[in-house]
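Working notes, beginning with the structure itself.
Every number in this text was worked out from the coordinates using simple rules, so none of it is lab data. Keep in mind the model is a prediction, meaning the values are calculated, not measured. Using ideal geometry, Cβ is built from the backbone for each residue, glycine included, and neighbour counts are taken over all protein chains shown.
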Amino acid sequence: MIVQQFLRAIPFDEIVKGLYPDLKSLGHFGLYKEAYDQLCNIVPESDGRQVTFDISEPAPWSKSDRKIITANDVEGQRWENIVGNELIKPDGNEFTDTELAAAILWGSTFYGFTQITSKNYIDDILKTSYTDFGRRAKYLMVKREMMYLYNKEDREKLKQQLKEPKLTYYMTAQAWHRLGKRKAHRNRSKRKRDWRIHNRIECLKKLDKRHNLINKLKPVIDMAKPDFNQLCLDIYHADAITEYWRETFCYHNMPRMQYLEELMATYSNALKNRTPIPSKLLIVVHISMHHPLSLSEKGRLELFLNDFYICLKPSPKILYAYNNTDSHEIQLQFIEIRGKA
């Protein structure tokens with residue numbers, strides 16, 4: 001039996017109970033639901049591996065006596081390969097099929113990530129720069145360190161990294177040691193100068209992310225120019241911006257609006273109680289221009305989202321963005337704006 005056949009035989013709600021036996025609500029599992037539906041419906045492509053399981057005893061400090069089960073050859077693998085590979089249950093299996101499926105879902109999604117959320121997470125880890133703000137921040141980061149580097153080889157290696165689109169830099173252990181030794185002898189004026197540069201770098205990083213968000217919205221969003229200019233000001237001057245996604249993966253098995261309502265009301269119910277409460281919430285509905293929402297779907301979507309966030313004041317602003325794909329699916333991009341700078 002391949003993994004996809006195994007997952008299809010077990011309802012998602014049962015798999016969640018396998019992950020969290022004492023769970024009382026499904027309101028935090030929207031991303032897991034999206035991942036499960038993709039794993040059950042994508043075209044499988046086996047790479048010849050087998051999905052096996054490791055069983056280990058609980059840690060000495062654990063409050064639970066349950067043994068720990070881990071699925072092998074799923075973490076970091078292509079989903080098409082995972083679901084196409086053969087499933088081998090452990091010898092003397094004392095786990096239920098639900099618990100085995102939960103281990104596969106846990107490992108293959110890297111703890112509940114989907115393709116969009118994993119990309120955003122990796123970009124955040126690697127601190128990719130997108131605009132001139134990011135490139136300026138990288139320049140200041142390198143310049144700040146070069147003030148204390150006198151080794152010619154160290155300086156050249158650091159200069160070469162200015163062309164890389166990452167807001168990080170690296171040096172040898174010896175170079176870091178020399179740098180730390182010189183920084184330890186900074187006087188008060190130099191420490192204050194470094195603190196000012198650090199604050200400027202953090203400001204540029206923030207502007208880099210926000211300008212990138214605006215650049216992505218500008219070509220696709222359906223909005224009057226004065227309103228879009230106001231939106232840009234809100235994004236630029238906010239104290240904090242939080243961005244997250246929810247997507248339909250119905251694969252023509254059910255109407256897309258029915259899937260979206262179930263995903264939000266049952267598996268993403270916790271979103272309505274996020275804290276701190278945003279001063280503004282933007283919901284960007286991404287949809288294919290070849291398969292746009294009908295008038296009834298549009299009215300149903302707006303009514304549902306306003307009811308979902310009925311306690312949020314002001315009500316969320318719903319915008320529409322059109323792409324050139326051939327997908328029937330709906331993507332919701334939530335942008336929470338908190339406070340004013």
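How would you rank Arg191, Arg8, going from fewest to most other Cβ atoms within 10 Å of each one's own Cβ?
Ordered from fewest to most neighbouring Cβ atoms within 10 Å, Arg191, Arg8 come out as Arg191, Arg8.
Mind putting a number on the dipole of the chain about its Cα centre? Charges go on the C-beta only, +1 for Lys and Arg and -1 for Asp and Glu, and I need it in Debye to the nearest 20.
Magnitude of the dipole: close to 3540 debye.
Have a look at Phe304, Leu263, Ile287 and report the one farthest towards the positive end of the charge dipole of the range 221-338, computed about the Cα centre with Cβ charges (Lys/Arg +1, Asp/Glu -1).
The listed residue farthest towards the positive side: Phe304.
Taking the Cα atoms only, what angle lies between the long axis of helix 97-108 and the longest principal axis of the chain, rounded to 10 degrees?
Around 20 degrees separate the two axes.
Evaluate Rg over Rh across the chain, taking Cα atoms for both radii and Kirkwood's formula for Rh.
Across the chain, the Cα-based Rg/Rh ratio is 1.03.
Under 5 Å between amide hydrogens, which residues at least 5 positions from Glu86 or on another chain qualify, with H placed 1.01 Å from N in the peptide plane?
Hits under the 5 Å cutoff: Val51.
Please give every one of the lysines within straight-line cross-link reach of Lys89, meaning a C-alpha to C-alpha distance under 17 Å, and leave out same-chain neighbours fewer than 8 residues apart.
Candidates past the 8-residue exclusion: Lys67.
Mind checking the angle between helix 132-146 and the chain's longest principal axis? C-alpha axes, 0 to 90 degrees, to the nearest 10.
So the inclination is approximately 50 degrees.
Work through the residues other than Glu99 whose Cβ is under 13 Å from its Cβ and net out their charges, Lys, Arg +1 and Asp, Glu -1.
After counting each charged neighbour, the total is +1.
When the helix-only estimate is applied to the chain (DSSP H runs of n ≥ 4, each -39,500 (n - 2.57), divided by the residue count), what is the mean residue ellipticity at 222 nm, nearest 500 deg cm²/dmol?
Calculated mean residue ellipticity at 222 nm is -14000 deg cm²/dmol.
Which angle between 0 and 90 degrees, to the nearest 10, do you get for helix 295-308 versus the longest principal axis of the chain when only C-alpha atoms count?
That helix lies at roughly 70 degrees to the long axis.
Report, in debye and to the nearest 20, how large the dipole of the range 155-237 comes out about its Cα centre when Lys and Arg carry +1 and Asp and Glu carry -1 on their Cβ.
1020
Given the peptides 273-286, 45-58, arrange them by the average over their residues of other C-beta atoms within 10 Å, most packed first.
273-286, 45-58
Just list whichever of Lys209/Lys298; Lys205/Lys272; Lys138/Lys183; Lys159/Lys183; Lys17/Lys313; Lys33/Lys280 have alpha carbons separated by over 23 Å in the model shown.
In this structure, Lys209/Lys298; Lys205/Lys272; Lys17/Lys313; Lys33/Lys280 exceed 23 Å between Cα atoms.
Using +1 at the Cβ of each Lys and Arg and -1 at the Cβ of each Asp and Glu in the chain, identify which of His237, Ser189, Ile55 lies farthest towards the dipole's positive end.
Among His237, Ser189, Ile55, the one farthest towards the positive end of the dipole of the chain is Ser189.
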